[in-house]
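Remarks on the structure that follows.
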Amino acid sequence: MATAKAPVDEAPLHRLLDSLPTPVARGFHALRQPGRRWVRLPLGVLCIGGGFLWFLPVLGFWMLPVGVILLAEDVPGLKRPAMRALGAVQAWWDRRRRRG
């Protein structure tokens, strides 16, 4: 008998998307549509690769988590750890902001 997996909590992702400027959030929502897998996968890989080129002016470390979040939509084993990491970073940021 197969056991059903618990759904992944996407609250950290929704919180992040709510804090983004409207055009950026709209673009990310469009990329999350089921038919956009052919765009998400290459874009996620390119973002991760660009994240490793953090020392260049436009490319940066910020691209690494964006790429992981994009890939997590299509790679089942990556979704839960990506959401946990995003939640942990948001909790760290909240604590830091409260300290002043």
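The values are calculated or read from the model by the stated rules, or taken from the named source; none is laboratory data. Because the structure is predicted, anything quoted here is derived from the model rather than measured. A quick note on method: Cβ atoms are made from the backbone with ideal geometry, for glycine too, and the neighbour counts reach across all protein chains shown.
Just a few scattered comments:
- Taken over region 26-48, the criterion of being touching a residue at least 12 places away in the same chain (Cβ under 8 Å) and over 12 Å from residue 13 (Cα atoms) is satisfied by 31, 37, 40, 41, 43, 44, 45, 46, 47, 48.
- Counted residues, region 29-60 - those being at pLDDT 85 or above and more than 17 Å from residue 89 (Cβ to Cβ): 22
- Only residues that are assigned to a helix (DSSP H, G or I) and within 23 Å of residue 27 (Cβ to Cβ) were counted across region 46-100, and they come to 26.
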